[in-house]
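Beneath this line is the structure, given in structure tokens, with notes to follow.
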């Protein structure tokens, strides 16, 4: 049985880590370079870096910040935001990332997943999915809709269909973010996570809503997630990664590096 991964997320805007609630009201949290190094030393299994306004501002990702974070950590590093083509992917990988995350661009041009997988390998391609609960309909049978541009644009695409399509195109992993749960610290969207996790054959990272170690236990078990993204609960110093991993280990979840 593979170990479950605990992955701090750095949402970066104007070169600084920020945090909001449901993609709104972002406040400055700190320097992403210092935070990345700190979480690496704390025992994070991976770091995720999102340039959260690159897509909506229609600008390239901040490669200088990506490069500086990559120089300080020695664990897998996934980077997303503003990646629109193979050249952008190549630039991010050359800046030190092991994985590239495509979200809005993949919805608008799904072939970017196939091209990226063919060029760099499926293990490099992560589909970022921002999802909002809207209720079942003919076009959204699962009741969960894909949104893009930081949650600003509803696409009329069913989340389950899109996850399966991305896997077919060559995505090696899915990072599934519930906008309804994002930043609330009230727990992950368990039903959504379980729906997607059981309908695809690639790893699913749960994102959005972590506030206590119990929430990670729930999503890794009930939600069938392979990994859990965390932000607020460690950014504000409420818990350390070591404490979270120890809690999961004590409750029978296999994790790396338990002190």
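Values for this structure:
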| quantity | calculated |
| --- | --- |
| When residues of the stretch 198-218 are limited to those that are crowded, with 23+ Cβ neighbours inside 10 Å and under 14 Å from the mean Cα position of the chain (by Cα), the one nearest to residue 241 (Cα to Cα) | 210 |
| Neighbours by Cβ (under 7 Å, 6+ apart or cross-chain): first from the stretch 68-81, on the phi > 0 side of the Ramachandran plot and buried (at least 19 other Cβ atoms within 10 Å of the Cβ); second assigned to a loop (DSSP other than H, G, I, E, B) and modelled with pLDDT under 95 | 81/52; 81/61 |
| Subset of the stretch 150-170 that is in contact (Cβ under 8 Å) with a residue 60 or more places away in the chain and either more than 22 Å from residue 58 (Cβ to Cβ) or out of contact with any strand residue (DSSP E or B) (no Cβ under 9 Å at 6 or more places or on another chain) (or both) - its residue that is surrounded by the most Cβ atoms within 10 Å (Cβ to Cβ) | 166 |
| Filtered residues of the stretch 232-245 (kept if out of contact with any helix residue (DSSP H, G or I) (no Cβ under 6 Å at 6 or more places or on another chain) and buried (at least 18 other Cβ atoms within 10 Å of the Cβ)) | 232, 233, 234, 235, 245 |
| Flag for residue 212 being free of Cβ contacts under 8 Å to residues at least 60 places away in the same chain and at positive phi | no |
| Unique match (being over 19 Å from residue 101 (Cβ atoms), touching a strand residue (DSSP E or B) at 6+ places or on another chain (Cβ under 7 Å) and buried (at least 16 other Cβ atoms within 10 Å of the Cβ)) among 248, 229 | 248 |
| Counted residues, the stretch 149-174 - those being closer than 22 Å to residue 202 by Cα and in a strand (DSSP E or B) | 4 |
| Selection within the stretch 102-148 - more than 20 Å from residue 180 (Cα to Cα), in a strand (DSSP E or B) and either touching a helix residue (DSSP H, G or I) at 6+ places or on another chain (Cβ under 8 Å) or free of Cβ contacts under 8 Å to residues at least 24 places away in the same chain (or both) | 102, 125 |
| Options 190, 195, 176: the member that is modelled with pLDDT of 95 or more, surrounded by fewer than 24 Cβ atoms within 10 Å (Cβ to Cβ), in contact with a helix residue (DSSP H, G or I) (Cβ under 7 Å, 6 or more places away or on another chain) and under 21 Å from residue 148 (Cβ atoms) | 195 |
| Single match in 244, 205 (criterion: closer than 22 Å to residue 128 by Cβ and in contact (Cβ under 8 Å) with a residue 60 or more places away in the chain) | 205 |
| In the stretch 18-35, residue farthest from residue 183 (Cα to Cα) [restricted to those that are at pLDDT below 70 and in a strand (DSSP E or B)] | 28 |
| Matching option when the condition is assigned to a strand (DSSP E or B) and modelled with pLDDT of 90 or more, among 38, 49 | 49 |
| Test result for residue 56, modelled with pLDDT under 95, assigned to a helix (DSSP H, G or I) and over 19 Å from residue 227 (Cβ atoms) | yes |
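The values are calculated or read from the model by the stated rules, or taken from the named source; none is laboratory data. These numbers come from a predicted model, not from an experiment. No Cβ is skipped: glycine too gets one built from the backbone with ideal geometry, and neighbour counts run over all protein chains shown.
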